[in-house]
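The values are calculated or read from the model by the stated rules, or taken from the named source; none is laboratory data. Keep in mind it's a predicted model, so treat the numbers as computed, not measured. When we count neighbours, we look across all protein chains shown, and the Cβ atoms used for this are built from the backbone with ideal geometry, even at glycine.
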């Protein structure tokens with residue numbers, strides 16, 4: 001059973017943080033209202049389905065503006081993106097991360113904007129922001145688990161298959177989100 005604890009936050013959800021036993025969610029954007037509790041629980045379930053139920057993840061929701069800065073600083077691309085993964089097991093200190101997989105940063109603005117556009121690379125079509133959020137969270141988690149679609153067709157095919165499997169099993173667990181008033 002997952003225990004949840006909520007830390008102080010504003011009614012709009014801005015600055016609100018929530019942690020399950022293995023997933024911490026921080027909402028640092030203002031444009032969309034979203035249940036961080038439901039997002040944490042959905043993400044935790046995806047980790048279980050992926051065989052990584054004991055692993056810890058931090059998930060941060062940001063604006064396109066903040067995402068653009070991160071994408072520029074860490075990937076050299078001066079534009080917002082949907083999800084960035086920061087694996088704790090990479091690099092020379094990766095062996096001291098314990099059960100921590102790493103951090104996911106998601107731009108809900110990018111997720112909402114691209115939800116109406118079909119993917120042409122084998123990913124499931126989403127059609128709604130909720131389904132797109134599920135897909136991007138799963139995509140990021142698979143990167144934290146060591147999968148990579150950018151290093152050859154074989155790895156890309158493997159990742160897309162797993163992404164599709166997890167998406168079909170879990171997308172309904174993810175929260176709807178809507179523009180703040």
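Filter region 129-151 down to residues that are over 21 Å from residue 58 (Cβ atoms) and free of Cβ contacts under 8 Å to residues at least 40 places away in the same chain, then give me how many there are.
Final tally of qualifying residues: 3.
Would you be able to tell me the number of residues in region 157-175 that are crowded, with 21+ Cβ neighbours inside 10 Å and touching a strand residue (DSSP E or B) at 6+ places or on another chain (Cβ under 9 Å)?
0
Being in contact with a helix residue (DSSP H, G or I) (Cβ under 9 Å, 6 or more places away or on another chain) and in a loop (DSSP other than H, G, I, E, B) is the filter here; which residues of region 68-90 pass it?
The answer is 77, 78, 79, 80, 81, 82, 88, 89.
Filter region 122-146 down to residues that are in a loop (DSSP other than H, G, I, E, B) and modelled with pLDDT of 90 or more and give me whichever is surrounded by the most Cβ atoms within 10 Å (Cβ to Cβ).
My answer is 145.
Of everything in region 38-55 that's touching a strand residue (DSSP E or B) at 6+ places or on another chain (Cβ under 9 Å) and modelled with pLDDT under 95, which residue is surrounded by the most Cβ atoms within 10 Å (Cβ to Cβ)?
55
Do the conditions hold for residue 15, that is, is it surrounded by 14 or more Cβ atoms within 10 Å (Cβ to Cβ) and either at pLDDT below 95 or under 20 Å from residue 134 (Cα atoms) (or both)?
Yes; evaluated as a whole, the condition is true for this residue.
Yes or no: residue 154 exposed (fewer than 12 other Cβ atoms within 10 Å of the Cβ), part of a loop (DSSP other than H, G, I, E, B) and free of Cβ contacts under 8 Å to residues at least 60 places away in the same chain?
In short, no.
Looking only at region 51-68, which residues are more than 14 Å from the chain's Cα centre (by Cα) and farther than 23 Å from residue 180 by Cα?
Matches in region 51-68: 51, 52, 53, 54, 55.
What residue, of 58, 97, 63, is farther than 27 Å from residue 169 by Cα and at pLDDT 95 or above?
Selected residue: 63, the only one of 58, 97, 63 that is farther than 27 Å from residue 169 by Cα and at pLDDT 95 or above.
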